[in-house]
Protein chains: 2
Amino acid sequence: MKDAILKAAEARMRRDGFHGFSFRDLAADVGIKSASVHYHFPTKADLAVGLMRNYREEMLAAFGDAGDDRALADKLGAVCDAYKTKLSQAGICLCGILAAEHAGLPEPVGAALKDYFIACRDWLISAFAGSGADEPEKRALVFSSALQGALLMSHAMGDPTLFDHATGETIRACDSGTRPRQ
Amino acid sequence: MKDAILKAAEARMRRDGFHGFSFRDLAADVGIKSASVHYHFPTKADLAVGLMRNYREEMLAAFGDAGDDRALADKLGAVCDAYKTKLSQAGICLCGILAAEHAGLPEPVGAALKDYFIACRDWLISAFAGSGADEPEKRALVFSSALQGALLMSHAMGDPTLFDHATGETIRACDSGTRPRQ
DNA sequence: GTCTATAATTTGATAGAC
DNA sequence: GTCTATCAAATTATAGAC
(Lines give C-alpha, C1' and ligand atoms only; values in the text may rest on other atoms or scores of the structure.)
Protein backbone atom coordinates (compact mmCIF):
# COMPACT_ATOMS: atom_id res chain seq x y z
CA MET A 1 0.00 0.00 0.00
CA LYS A 2 2.87 2.33 0.78
CA ASP A 3 4.12 1.73 -2.75
CA ALA A 4 0.67 2.38 -4.19
CA ILE A 5 0.57 5.71 -2.38
CA LEU A 6 4.02 6.62 -3.66
CA LYS A 7 3.01 5.74 -7.20
CA ALA A 8 -0.16 7.85 -7.02
CA ALA A 9 1.72 10.69 -5.33
CA GLU A 10 4.35 10.76 -8.06
CA ALA A 11 1.68 11.09 -10.74
CA ARG A 12 -0.16 13.80 -8.80
CA MET A 13 2.94 15.79 -7.91
CA ARG A 14 4.38 15.63 -11.40
CA ARG A 15 1.10 16.83 -12.85
CA ASP A 16 -0.06 19.44 -10.35
CA GLY A 17 2.91 20.32 -8.16
CA PHE A 18 3.35 20.14 -4.40
CA HIS A 19 0.39 22.36 -3.55
CA GLY A 20 -1.82 21.13 -6.36
CA PHE A 21 -3.24 18.02 -4.69
CA SER A 22 -4.33 16.87 -1.25
CA PHE A 23 -4.04 13.80 0.93
CA ARG A 24 -7.71 13.19 0.19
CA ASP A 25 -7.02 13.12 -3.56
CA LEU A 26 -4.27 10.62 -2.93
CA ALA A 27 -6.44 8.51 -0.65
CA ALA A 28 -9.17 8.37 -3.28
CA ASP A 29 -6.60 7.30 -5.89
CA VAL A 30 -5.59 4.23 -3.90
CA GLY A 31 -8.96 3.49 -2.32
CA ILE A 32 -8.37 4.37 1.33
CA LYS A 33 -9.06 7.37 3.60
CA SER A 34 -6.77 10.34 4.08
CA ALA A 35 -6.06 9.42 7.72
CA SER A 36 -4.54 6.18 6.47
CA VAL A 37 -2.25 8.08 4.15
CA HIS A 38 -1.01 10.03 7.15
CA TYR A 39 -0.20 6.70 8.82
CA HIS A 40 2.32 5.97 6.06
CA PHE A 41 3.55 9.54 5.62
CA PRO A 42 2.96 11.79 8.65
CA THR A 43 3.36 15.05 6.71
CA LYS A 44 3.29 16.11 3.11
CA ALA A 45 6.98 16.94 3.34
CA ASP A 46 7.68 13.35 4.43
CA LEU A 47 5.78 12.14 1.41
CA ALA A 48 7.66 14.39 -0.97
CA VAL A 49 11.06 13.46 0.45
CA GLY A 50 10.27 9.73 0.31
CA LEU A 51 9.09 10.17 -3.22
CA MET A 52 12.22 12.01 -4.27
CA ARG A 53 14.46 9.35 -2.78
CA ASN A 54 12.67 6.65 -4.81
CA TYR A 55 12.70 8.83 -7.87
CA ARG A 56 16.42 9.46 -7.64
CA GLU A 57 17.24 5.77 -7.37
CA GLU A 58 14.92 4.93 -10.26
CA MET A 59 16.42 7.56 -12.53
CA LEU A 60 20.05 6.84 -11.72
CA ALA A 61 19.40 3.15 -12.33
CA ALA A 62 17.90 4.02 -15.72
CA PHE A 63 20.96 6.11 -16.59
CA GLY A 64 23.21 3.07 -16.07
CA ASP A 65 26.86 3.14 -15.06
CA ALA A 66 28.44 6.53 -15.83
CA GLY A 67 31.86 4.92 -15.95
CA ASP A 68 31.20 2.08 -18.36
CA ASP A 69 32.51 1.87 -21.92
CA ARG A 70 29.50 3.30 -23.76
CA ALA A 71 30.14 6.26 -26.02
CA LEU A 72 29.33 9.64 -24.46
CA ALA A 73 26.40 10.16 -26.83
CA ASP A 74 24.95 6.80 -25.75
CA LYS A 75 25.20 7.71 -22.10
CA LEU A 76 23.55 11.08 -22.63
CA GLY A 77 20.95 9.36 -24.80
CA ALA A 78 20.12 6.99 -21.94
CA VAL A 79 19.53 9.98 -19.66
CA CYS A 80 17.25 11.60 -22.22
CA ASP A 81 15.37 8.34 -22.71
CA ALA A 82 14.73 8.04 -18.98
CA TYR A 83 13.18 11.52 -18.89
CA LYS A 84 11.28 10.95 -22.10
CA THR A 85 9.63 7.93 -20.55
CA LYS A 86 8.49 10.14 -17.68
CA LEU A 87 7.24 12.78 -20.11
CA SER A 88 5.24 10.20 -22.03
CA GLN A 89 3.47 9.19 -18.82
CA ALA A 90 2.24 12.79 -18.41
CA GLY A 91 3.90 15.52 -16.38
CA ILE A 92 7.49 16.66 -16.29
CA CYS A 93 10.35 15.64 -14.02
CA LEU A 94 9.32 15.33 -10.36
CA CYS A 95 12.29 17.39 -9.28
CA GLY A 96 11.78 19.83 -12.14
CA ILE A 97 8.37 20.89 -10.93
CA LEU A 98 9.52 20.94 -7.30
CA ALA A 99 12.49 23.06 -8.36
CA ALA A 100 10.11 25.60 -9.88
CA GLU A 101 8.14 25.77 -6.62
CA HIS A 102 11.02 25.23 -4.24
CA ALA A 103 11.09 28.67 -2.60
CA GLY A 104 7.68 28.05 -1.09
CA LEU A 105 8.28 24.44 -0.04
CA PRO A 106 9.14 22.90 3.35
CA GLU A 107 12.86 22.99 4.03
CA PRO A 108 13.47 19.19 3.88
CA VAL A 109 12.04 19.16 0.37
CA GLY A 110 14.51 21.82 -0.71
CA ALA A 111 17.37 19.77 0.71
CA ALA A 112 16.23 16.59 -1.05
CA LEU A 113 15.91 18.60 -4.23
CA LYS A 114 19.52 19.70 -4.11
CA ASP A 115 20.52 16.10 -3.37
CA TYR A 116 18.80 14.98 -6.55
CA PHE A 117 20.38 17.56 -8.79
CA ILE A 118 23.80 17.01 -7.26
CA ALA A 119 23.49 13.26 -7.84
CA CYS A 120 22.57 13.91 -11.48
CA ARG A 121 25.36 16.43 -11.85
CA ASP A 122 27.91 13.98 -10.41
CA TRP A 123 26.73 11.25 -12.77
CA LEU A 124 27.12 13.59 -15.72
CA ILE A 125 30.50 14.88 -14.56
CA SER A 126 31.66 11.28 -14.45
CA ALA A 127 30.35 10.62 -17.95
CA PHE A 128 31.89 13.79 -19.42
CA ALA A 129 35.20 13.35 -17.64
CA GLY A 130 35.39 9.73 -18.80
CA SER A 131 35.17 10.85 -22.40
CA GLY A 132 37.95 13.38 -21.96
CA ALA A 133 35.74 16.46 -22.15
CA ASP A 134 37.07 19.72 -20.78
CA GLU A 135 35.15 21.50 -18.03
CA PRO A 136 33.00 18.48 -17.13
CA GLU A 137 31.40 20.30 -14.17
CA LYS A 138 30.17 23.11 -16.36
CA ARG A 139 28.98 20.77 -19.09
CA ALA A 140 27.04 18.68 -16.59
CA LEU A 141 25.03 21.66 -15.37
CA VAL A 142 24.44 23.01 -18.85
CA PHE A 143 23.22 19.59 -19.98
CA SER A 144 20.89 19.27 -16.99
CA SER A 145 19.37 22.66 -17.59
CA ALA A 146 18.82 21.95 -21.29
CA LEU A 147 17.08 18.73 -20.32
CA GLN A 148 14.81 20.31 -17.72
CA GLY A 149 13.94 23.11 -20.13
CA ALA A 150 13.07 20.63 -22.85
CA LEU A 151 10.73 18.78 -20.49
CA LEU A 152 9.08 22.01 -19.37
CA MET A 153 8.50 23.47 -22.83
CA SER A 154 7.46 20.19 -24.38
CA HIS A 155 4.92 19.77 -21.58
CA ALA A 156 3.62 23.35 -21.80
CA MET A 157 3.27 23.34 -25.57
CA GLY A 158 1.84 19.82 -25.64
CA ASP A 159 4.41 18.88 -28.25
CA PRO A 160 6.43 15.72 -27.55
CA THR A 161 8.66 16.27 -30.59
CA LEU A 162 10.00 19.45 -28.99
CA PHE A 163 11.77 17.30 -26.40
CA ASP A 164 13.45 15.23 -29.11
CA HIS A 165 14.58 18.27 -31.06
CA ALA A 166 15.99 20.06 -28.04
CA THR A 167 17.77 17.07 -26.53
CA GLY A 168 19.03 15.90 -29.91
CA GLU A 169 20.56 19.32 -30.50
CA THR A 170 22.16 19.31 -27.05
CA ILE A 171 23.68 15.86 -27.40
CA ARG A 172 25.07 16.76 -30.80
CA ALA A 173 26.60 19.95 -29.38
CA CYS A 174 28.18 18.03 -26.49
CA ASP A 175 29.53 15.37 -28.78
CA SER A 176 31.13 17.72 -31.25
CA GLY A 177 32.43 19.87 -28.41
CA THR A 178 34.02 16.84 -26.80
CA ARG A 179 35.52 15.35 -29.92
CA PRO A 180 36.13 18.34 -32.18
CA ARG A 181 36.64 17.93 -35.94
CA GLN A 182 36.46 14.17 -35.65
CA MET B 1 -3.59 50.04 -6.46
CA LYS B 2 -4.36 47.59 -9.22
CA ASP B 3 -0.74 47.95 -10.33
CA ALA B 4 0.49 47.41 -6.78
CA ILE B 5 -1.50 44.20 -6.58
CA LEU B 6 -0.11 43.03 -9.90
CA LYS B 7 3.41 43.78 -8.78
CA ALA B 8 2.97 41.86 -5.52
CA ALA B 9 1.22 39.02 -7.32
CA GLU B 10 4.05 38.66 -9.81
CA ALA B 11 6.59 38.33 -7.00
CA ARG B 12 4.42 35.82 -5.12
CA MET B 13 3.56 33.74 -8.14
CA ARG B 14 7.13 33.63 -9.43
CA ARG B 15 8.35 32.53 -6.01
CA ASP B 16 5.65 30.11 -4.87
CA GLY B 17 3.56 29.20 -7.88
CA PHE B 18 -0.15 29.55 -8.52
CA HIS B 19 -1.27 27.55 -5.48
CA GLY B 20 1.51 28.76 -3.20
CA PHE B 21 -0.05 32.01 -2.04
CA SER B 22 -3.47 33.38 -1.15
CA PHE B 23 -5.47 36.54 -1.73
CA ARG B 24 -4.86 37.29 1.94
CA ASP B 25 -1.09 37.14 1.44
CA LEU B 26 -1.44 39.53 -1.46
CA ALA B 27 -3.70 41.88 0.48
CA ALA B 28 -1.18 42.04 3.30
CA ASP B 29 1.59 42.83 0.81
CA VAL B 30 -0.18 45.93 -0.45
CA GLY B 31 -1.88 46.92 2.81
CA ILE B 32 -5.53 46.22 2.07
CA LYS B 33 -7.99 43.38 2.81
CA SER B 34 -8.55 40.33 0.66
CA ALA B 35 -12.09 41.39 -0.27
CA SER B 36 -10.58 44.48 -1.90
CA VAL B 37 -8.28 42.32 -3.97
CA HIS B 38 -11.32 40.45 -5.25
CA TYR B 39 -12.77 43.81 -6.32
CA HIS B 40 -9.85 44.27 -8.72
CA PHE B 41 -9.57 40.62 -9.74
CA PRO B 42 -12.75 38.58 -9.18
CA THR B 43 -10.98 35.22 -9.32
CA LYS B 44 -7.45 33.96 -9.02
CA ALA B 45 -7.55 32.94 -12.66
CA ASP B 46 -8.40 36.54 -13.60
CA LEU B 47 -5.41 37.70 -11.62
CA ALA B 48 -3.07 35.23 -13.27
CA VAL B 49 -4.29 36.05 -16.76
CA GLY B 50 -3.98 39.81 -16.17
CA LEU B 51 -0.53 39.25 -14.80
CA MET B 52 0.56 37.20 -17.77
CA ARG B 53 -0.68 39.80 -20.21
CA ASN B 54 1.40 42.47 -18.48
CA TYR B 55 4.35 40.15 -18.25
CA ARG B 56 4.23 39.33 -21.93
CA GLU B 57 4.22 42.99 -22.94
CA GLU B 58 7.04 43.81 -20.55
CA MET B 59 9.23 40.99 -21.80
CA LEU B 60 8.60 41.57 -25.50
CA ALA B 61 9.39 45.25 -25.01
CA ALA B 62 12.66 44.30 -23.33
CA PHE B 63 13.54 42.01 -26.23
CA GLY B 64 13.27 44.94 -28.65
CA ASP B 65 12.41 44.72 -32.32
CA ALA B 66 13.06 41.25 -33.69
CA GLY B 67 13.40 42.66 -37.18
CA ASP B 68 15.94 45.41 -36.56
CA ASP B 69 19.56 45.36 -37.70
CA ARG B 70 21.18 44.02 -34.56
CA ALA B 71 23.32 40.92 -34.93
CA LEU B 72 21.56 37.67 -34.03
CA ALA B 73 23.77 37.20 -30.98
CA ASP B 74 22.81 40.67 -29.76
CA LYS B 75 19.12 39.93 -30.13
CA LEU B 76 19.41 36.62 -28.28
CA GLY B 77 21.56 38.37 -25.68
CA ALA B 78 18.79 40.91 -25.10
CA VAL B 79 16.34 38.07 -24.47
CA CYS B 80 18.72 36.45 -22.00
CA ASP B 81 19.29 39.77 -20.26
CA ALA B 82 15.56 40.28 -19.81
CA TYR B 83 15.21 36.90 -18.09
CA LYS B 84 18.37 37.41 -16.08
CA THR B 85 16.91 40.58 -14.64
CA LYS B 86 13.87 38.58 -13.54
CA LEU B 87 16.11 35.89 -12.03
CA SER B 88 18.09 38.47 -10.08
CA GLN B 89 14.85 39.73 -8.52
CA ALA B 90 14.21 36.22 -7.11
CA GLY B 91 12.10 33.54 -8.72
CA ILE B 92 12.10 32.19 -12.26
CA CYS B 93 10.01 33.19 -15.27
CA LEU B 94 6.34 33.72 -14.41
CA CYS B 95 5.29 31.58 -17.34
CA GLY B 96 7.98 29.03 -16.56
CA ILE B 97 6.56 28.19 -13.16
CA LEU B 98 3.00 28.27 -14.48
CA ALA B 99 4.07 25.97 -17.29
CA ALA B 100 5.34 23.48 -14.73
CA GLU B 101 2.00 23.57 -12.90
CA HIS B 102 -0.23 24.08 -15.91
CA ALA B 103 -2.03 20.72 -15.88
CA GLY B 104 -3.69 21.60 -12.59
CA LEU B 105 -4.50 25.22 -13.41
CA PRO B 106 -7.76 26.89 -14.52
CA GLU B 107 -8.29 26.63 -18.24
CA PRO B 108 -7.92 30.39 -19.05
CA VAL B 109 -4.47 30.32 -17.46
CA GLY B 110 -3.40 27.48 -19.72
CA ALA B 111 -4.60 29.44 -22.75
CA ALA B 112 -2.71 32.58 -21.69
CA LEU B 113 0.34 30.44 -21.12
CA LYS B 114 0.32 29.16 -24.66
CA ASP B 115 -0.18 32.72 -25.89
CA TYR B 116 2.97 33.79 -24.08
CA PHE B 117 5.13 31.01 -25.41
CA ILE B 118 3.79 31.45 -28.92
CA ALA B 119 4.55 35.18 -28.78
CA CYS B 120 8.10 34.40 -27.67
CA ARG B 121 8.45 31.73 -30.31
CA ASP B 122 7.27 34.11 -33.03
CA TRP B 123 9.71 36.78 -31.90
CA LEU B 124 12.55 34.27 -32.03
CA ILE B 125 11.45 32.87 -35.38
CA SER B 126 11.59 36.39 -36.73
CA ALA B 127 15.06 36.96 -35.30
CA PHE B 128 16.42 33.65 -36.61
CA ALA B 129 14.79 33.99 -40.02
CA GLY B 130 16.16 37.54 -40.32
CA SER B 131 19.70 36.27 -39.91
CA GLY B 132 19.23 33.61 -42.56
CA ALA B 133 19.17 30.65 -40.20
CA ASP B 134 17.69 27.40 -41.42
CA GLU B 135 14.77 25.85 -39.53
CA PRO B 136 13.96 29.02 -37.58
CA GLU B 137 10.83 27.42 -36.04
CA LYS B 138 12.81 24.58 -34.57
CA ARG B 139 15.61 26.86 -33.39
CA ALA B 140 13.14 29.15 -31.66
CA LEU B 141 11.68 26.37 -29.56
CA VAL B 142 15.06 24.87 -28.75
CA PHE B 143 16.31 28.28 -27.64
CA SER B 144 13.24 28.88 -25.48
CA SER B 145 13.61 25.53 -23.76
CA ALA B 146 17.31 26.10 -23.09
CA LEU B 147 16.43 29.45 -21.55
CA GLN B 148 13.67 28.11 -19.32
CA GLY B 149 15.89 25.25 -18.19
CA ALA B 150 18.70 27.63 -17.35
CA LEU B 151 16.33 29.71 -15.22
CA LEU B 152 14.98 26.63 -13.45
CA MET B 153 18.33 25.04 -12.64
CA SER B 154 20.00 28.29 -11.70
CA HIS B 155 17.12 28.97 -9.31
CA ALA B 156 17.10 25.47 -7.82
CA MET B 157 20.86 25.30 -7.30
CA GLY B 158 21.04 28.88 -6.05
CA ASP B 159 23.81 29.55 -8.55
CA PRO B 160 23.37 32.66 -10.76
CA THR B 161 26.47 31.82 -12.81
CA LEU B 162 24.75 28.66 -14.06
CA PHE B 163 22.35 30.84 -16.05
CA ASP B 164 25.23 32.69 -17.71
CA HIS B 165 27.06 29.49 -18.60
CA ALA B 166 24.02 27.78 -20.05
CA THR B 167 22.75 30.74 -22.04
CA GLY B 168 26.25 31.68 -23.21
CA GLU B 169 26.71 28.18 -24.53
CA THR B 170 23.34 28.28 -26.28
CA ILE B 171 23.93 31.61 -27.97
CA ARG B 172 27.33 30.47 -29.16
CA ALA B 173 25.82 27.29 -30.59
CA CYS B 174 23.10 29.27 -32.38
CA ASP B 175 25.57 31.74 -33.75
CA SER B 176 28.00 29.20 -35.12
CA GLY B 177 25.11 27.13 -36.48
CA THR B 178 23.75 30.17 -38.27
CA ARG B 179 26.98 31.50 -39.67
CA PRO B 180 29.18 28.41 -40.06
CA ARG B 181 32.98 28.71 -40.41
CA GLN B 182 32.76 32.48 -40.45
C1' DG C 1 -3.48 -0.52 9.02
C1' DT C 2 -7.63 1.37 8.26
C1' DC C 3 -11.49 3.50 9.89
C1' DT C 4 -14.77 7.51 11.85
C1' DA C 5 -14.74 11.77 13.65
C1' DT C 6 -13.05 16.02 14.26
C1' DA C 7 -9.91 19.74 15.36
C1' DA C 8 -7.69 23.90 13.73
C1' DT C 9 -6.68 26.61 10.04
C1' DT C 10 -6.83 28.40 5.49
C1' DT C 11 -8.83 29.05 1.22
C1' DG C 12 -11.50 31.43 -2.68
C1' DA C 13 -15.25 34.07 -2.89
C1' DT C 14 -19.64 36.99 -1.72
C1' DA C 15 -22.93 40.44 0.66
C1' DG C 16 -23.64 44.66 2.10
C1' DA C 17 -22.28 48.94 4.89
C1' DC C 18 -19.61 53.10 4.31
C1' DG D 1 -12.71 51.19 -3.51
C1' DT D 2 -12.24 49.54 0.77
C1' DC D 3 -14.12 47.74 4.71
C1' DT D 4 -16.39 44.08 8.17
C1' DA D 5 -18.41 39.94 8.37
C1' DT D 6 -19.15 35.72 6.80
C1' DC D 7 -19.80 31.49 4.00
C1' DA D 8 -18.88 27.03 2.22
C1' DA D 9 -15.45 24.20 1.20
C1' DA D 10 -10.98 22.32 1.51
C1' DT D 11 -6.71 21.61 3.86
C1' DT D 12 -3.17 19.31 7.01
C1' DA D 13 -3.16 16.74 10.75
C1' DT D 14 -4.57 14.10 15.13
C1' DA D 15 -7.28 10.98 18.51
C1' DG D 16 -9.07 6.89 19.36
C1' DA D 17 -12.12 2.77 18.04
C1' DC D 18 -11.82 -1.56 15.53
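The values are calculated or read from the model by the stated rules, or taken from the named source; none is laboratory data. Given the structure is predicted, the values throughout are model-derived calculations rather than measurements. Using ideal geometry, Cβ is built from the backbone for each residue, glycine included, and neighbour counts are taken over all protein chains shown.
In region A:11-28, how many are within 14 Å of another protein chain (Cβ to nearest Cβ) and either away from DNA strand D (no atom under 12 Å from the Cβ) or of a type in the set (Gly, Ala, Ser) (or both)?
So the answer is 6.
For region B:29-47, how many residues are near DNA strand C (Cβ under 10 Å from one of its atoms), away from chain A (no Cβ under 14 Å) and not in a loop (DSSP other than H, G, I, E, B)?
Going residue by residue through region B:29-47, those that are near DNA strand C (Cβ under 10 Å from one of its atoms) are B:33-39, B:41-47.
If we keep only those that are away from chain A (no Cβ under 14 Å) as well, we get B:33-39, B:41-43, B:45-47.
If we keep only those that are not in a loop (DSSP other than H, G, I, E, B) too, we end up with B:34-39, B:45-47.
The total comes to 9.
With the requirement that a residue be of a type in the set (Lys, Arg) and near DNA strand D (Cβ under 10 Å from one of its atoms), what does region B:29-59 give you? Explain how you work it out, then say what you get.
The initial filter retains those residues of region B:29-59 that are of a type in the set (Lys, Arg), namely B:33, B:44, B:53, B:56.
Listed by number, the list holds a single entry, B:LYS33.
Taking helices (runs of 4 or more DSSP H) that fall entirely within region A:57-156, which contain at least 2 residues that are at the interface with chain B (Cβ under 9 Å from one of its Cβ atoms), in contact with a helix residue (DSSP H, G or I) (Cβ under 8 Å, 6 or more places away or on another chain) and surrounded by fewer than 24 Cβ atoms within 10 Å (Cβ to Cβ)? Lay out the reasoning, then the answer.
Details: elements: A:72-88, A:94-101, A:107-130.
Correct list: A:107-130.
When region B:158-169 is examined, which residues are found to be facing chain A (nearest Cβ under 7 Å) and modelled with pLDDT of 95 or more? Spell out the reasoning first.
As a first pass, look at region B:158-169 and keep what is facing chain A (nearest Cβ under 7 Å): B:162, B:165-166, B:169.
Result: B:LEU162, B:HIS165, B:ALA166.
Could you list, in sequence order, the residues of region B:170-182 that are buried (at least 22 other Cβ atoms within 10 Å of the Cβ) and modelled with pLDDT under 90?
The first filter runs over region B:170-182 and keeps only residues buried (at least 22 other Cβ atoms within 10 Å of the Cβ), leaving B:170, B:174.
Within region B:170-182, B:CYS174 is the sole residue that qualifies.
I need every pair where a residue in region B:25-37 that is within 10 Å of B:ALA9 (Cα to Cα) has its Cβ under 6 Å from the Cβ of a residue that is polar (S, T, N, Q), sequence separation at least 6 or different chains.
If the second residue must be polar (S, T, N, Q), the pairs left are B:ALA27/B:SER34.
Just the residues that are without any contact (Cβ under 8 Å) to a residue 24 or more places away in the chain and over 19 Å from the mean Cα position of the chain (by Cα), please, taken from region B:56-76. Let's see the steps before the verdict.
Initially, region B:56-76 is screened for residues without any contact (Cβ under 8 Å) to a residue 24 or more places away in the chain, giving B:57-58, B:61-62, B:64-65, B:68-70, B:74.
Across region B:56-76, the qualifying residues are B:ASP68, B:ASP69, B:ARG70.
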